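These notes are about the structure you will find just below.
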Amino acid sequence: PRYRPDWASLDARPLPAWFEQAKVGVFVHWGVFSVPAWGSEWFWWHWRGEHRPDYQSFVQRRYPPGTAYADFAPRFTAHDFQPREWARLFQRAGARYVVLTTKHHEGFTNWGSPVSWNWNSLDTGPHRDLVGELGQALRESNIRYGLYHSLLEWFNPLYLADKESGFKTQNFVLKKTMPELYDLVLTYKPDLIWSDGDWEAPESYWNSTSFLAWLYNDSPVKDTVVVNDRWCNNCSCRHGGYYNCADKYQPGTLPAHKWEMCSSIDKLSWGYRSNMHISELMDETSIIKELVQTVSFGGNYLLNVGPTKEGVIVPIFQERLLALGRWLDTNGEAIYESKPWRVQMENSTGTIWYTSKGPVVYAIFLIWPLDNVLELSSPTPSPATQVTMLGFAGTLKWQRSPGKGLLVTLPLVPSPLPPQSGWTVKLEGVK
């Protein structure tokens, strides 16, 4: 059956299975905002839209008088961008998909968009097709490729005119947004479209439903492509493919609809900041905790890094991604292709989380119990129950606990505790 350009029809499309199984992705925010590398990727808006004094004095201190945002573009060089190195890093991080900003709200496109004359990565800056190069490297590494795309552009005259008309005219959508979306799909055949910049205007302005109907019916990726929920000013958490709802969204209970949590290693920004402090970055423990909590509640986890203007993912970001990958090397069995269990967490502690695969239940615990005995009250054991621990050989002893559930004797670990951020007990033969 063909999908109609209305939400009732589009929302009924089943989500392609790969996304539900993937669980872990890496988000990459990269653009002209990586040149000032200060404040956040919203630099232009804070400076020229809101006229914030801290941004104005930053530009005065660092750049010649009369500097415009467009003057940053030639400095966006990507000199050190090696897409295969990025792909290898993301693979080692355990990412099954990667989402790149093809165009943020600044309107600069990381490919040679035919409707973004002189404000794209082929005409200026790197003089390279960043979207295409990364896509090729990811495909060689068997990683799914997602394209982030902002519907709006803060300072595009066509957009500002449409906005002035109360969004009764659609010149910007017809001449800019839609040609770019179709171009991205036909040229790069993405596995995922991560839409954003939707919040100011209704669906009738954006033409989202007709684009999605084409995407699902006739595009070269109609059977595999996944989209999020940011397609109009009241779509979030209601319409589209899977739900983002809000940045860094944490539902707290098991949602009925597939969702994704996007988070950033730099807690204050998505784009690279040259002045970030170590205290402003997520550590391995908080990354693992977010991942486990997200997957237990049925979500995917999309962790962001912001490369430098030269195309370097700085060592501290690499270190965090590699730590995540090492953890997944041991515990990935409880994450990839898993499903939420009937209970998501143990007694609202927030330190023991459950996932499942068929009859197998995984209990992921984030704090090692002092007496080496893990108490699990949710699973009901049977005489056939077998308990093992991912990354350890052999079975673990267990007994029924006096209340309900079971007590698992963990392997003796050398003191002090090995520096790890969570362990997984695999339970077979429990209900």
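The values are calculated or read from the model by the stated rules, or taken from the named source; none is laboratory data. Predicted model, so just to flag it, every value in this text is computed and none were measured. Please note: Cβ atoms are built from the backbone with ideal geometry, for glycine as well, and neighbour counts cover all protein chains shown. Keep in mind that these areas ignore ligands, DNA and RNA; they rest on the heavy atoms of the full protein, side chains included. Shrake-Rupley method; radii C 1.70, N 1.55, O 1.52, S 1.80 Å.
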Count of lysine pairs, region 7-334, Cα-Cα under 23 Å, sep. 8 or more residues or interchain, comes to 29
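Counting only protein heavy atoms, what percent of the accessible surface of region 1-158 is carbon or sulfur at a 1.4 Å probe? It would help to have the intermediate numbers written out before the result.
Values: 3390 of 6630 Å².
The C+S portion of the solvent-accessible surface of region 1-158 is 51 percent.
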Mean-square fluctuation maximum in Gaussian network of the chain, Cα pairs under 10 Å, restricted to P202, P36, P340, hits P202
Relative contact order of region 61-184 (C-alpha contacts under 8 Å, at least 6 apart) in percent is 26 percent
DSSP beta bridges in region 1-158: the antiparallel percent, rounded to 5, is 10 percent
HN-Hα couplings for region 388-405 via Karplus (6.51, -1.76, 1.60; θ = phi - 60°), in whole Hz with x for Gly/Pro, come out as 10, 10, 4, x, 10, 7, x, 9, 9, 6, 8, 9, 5, 7, x, x, 9, x
Most fluctuating of A323, A68, A334 in the GNM of the chain (C-alpha, under 10 Å) is A68
Of the candidate values [x] 22.8; [y] 24.4; [z] 21.5, the one computed for mean projected area of the Cα convex hull in nm² from this structure is [x]
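Once Rh for region 339-430 is found with the Kirkwood sum over Cα pairs, what is the Stokes-Einstein diffusion coefficient at 25 °C and 0.890 mPa s, in µm²/s?
183 µm²/s
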GNM on the chain, Cα springs under 10 Å; top mean-square fluctuation among E140, E50, E106 goes to E50
The relative contact order of region 339-430, taking Cα pairs under 8 Å that sit 6 or more residues apart, comes to a percentage of 33 percent
Given a Förster distance of 45 Å, the FRET efficiency implied by the Cβ-Cβ spacing of K357 and T77, rounded to the nearest 0.05, works out to 0.45
Placing each pseudo-label 7 Å from Cα in the direction of the beta carbon, F155 and K189 end up separated by a distance in nanometres of 3.8 nm
Check: C-alpha center region 83-124 vs C-alpha center region 217-285, spacing in Å is 17 Å
From most to least accessible, 1.4 Å probe, no ligand or DNA/RNA atoms counted, D198, D80 line up as D80, D198
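So what's region 97-223 giving for Rg/Rh, alpha carbon basis, Kirkwood Rh from the mean inverse pair distance? Before the final figure, lay out each step's value.
On the way: Rg = 14.6 Å, Rh = 15.0 Å.
Radius of gyration over Kirkwood radius for region 97-223 works out to 0.97.
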Bridge orientation stat for region 172-309 from DSSP, antiparallel percent rounded to 5, came to 10 percent
Under the helix-only model (-39500 (n - 2.57) for each DSSP H run of 4 or more, divided by the residues of the chain), the mean residue ellipticity at 222 nm, to 500 deg cm²/dmol, is -7000 deg cm²/dmol
So the angle from the long Cα axis of helix 53-62 to the longest Cα principal axis of the chain, reported in degrees to the nearest 10, equals 70 degrees
Taking Cα pairs closer than 8 Å and at least 6 residues apart, the relative contact order of the chain in percent is 17 percent
With Cα coordinates, the longest principal axis of the chain makes an angle with the long axis of helix 208-217, in degrees rounded to 10, of 60 degrees
With Rg from the Cα atoms and Rh as the Kirkwood inverse mean 1/r over Cα pairs, region 1-146 has an Rg/Rh of 1.06
In the chain the DSSP beta bridges are antiparallel at a rate, in percent to nearest 5, of 50 percent
Residues whose modelled amide H sits under 5 Å from the amide H of Y148, counting only those 5 or more places away in sequence or on another chain, are L100, T101, T102, W194
Lone Cys, the chain, Cβ cut-off 4.7 Å -> C262
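With a 1.4 Å probe and all protein chains left in place, how much accessible area per residue does the chain have, in Å²?
41 Å²
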Answer check: region 45-116, Cα atoms, Kirkwood Rh, Rg/Rh ratio of 1.08
Counting only protein heavy atoms and leaving out ligands, DNA and RNA, the solvent-accessible surface of I287 at a 1.4 Å probe, in Å² to the nearest 10, equals 0 Å²
Measure of exposure for M389: accessible area at 1.4 Å probe, Å² rounded to 10, is 10 Å²
